[in-house]
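Read through the structure below, which is laid out as structure tokens, and then see the notes.
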Amino acid sequence: MTNKANMEIAILWARVSTREQSEEGYSLDAQVKLLRDYALNNNLKVVKEFVTPESASSSQERKQFQKMIEYLKDHNNIKHLLCEKTDRLTRNFQDASTLDDWLNGEL
């Protein structure tokens with residue numbers, strides 16, 4: 001049984017960009033389940049989930065990414081961001097740079 005008093009805080013990011021990805025085992029449901037299980041097995045409490053479906057436009061997806069970054073800025077106690085694959089997390093160099101800033105405590 002997990003000791004809730006010692007759990008660290010995490011957020012979850014799941015994204016699919018094509019229908020093919022969804023059909024090849026990378027569905028949002030599969031990603032979320034995998035990440036929730038990972039959190040449970042690693043003493044992490046997921047406090048927020050950011051999920052972007054393949055039907056979202058790139059501008060909608062960018063808005064969701066920005067919401068996640070703003071959430072991280074507002075909750076500096078969060079030290080864990082869970083994603084199934086790193087290519088699910090960033091779409092461009094700017095996103096990667098923003099996440100690097102977060103990791104280095106520069107947000």
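The values are calculated or read from the model by the stated rules, or taken from the named source; none is laboratory data. A quick note: this is a predicted structure, and the numbers were derived from the prediction, not measured. Backbone-built Cβ (ideal geometry, glycine too); neighbour counts: all protein chains shown.
Inspect region 73-81 for any residue being at pLDDT 90 or above and closer than 13 Å to Trp13 by Cα and give the result as yes or no. Scanning region 73-81 turns up at least one residue that is at pLDDT 90 or above and closer than 13 Å to Trp13 by Cα. For region 24-43, the count of residues that are touching a helix residue (DSSP H, G or I) at 6+ places or on another chain (Cβ under 7 Å) and at pLDDT 95 or above is at least one.
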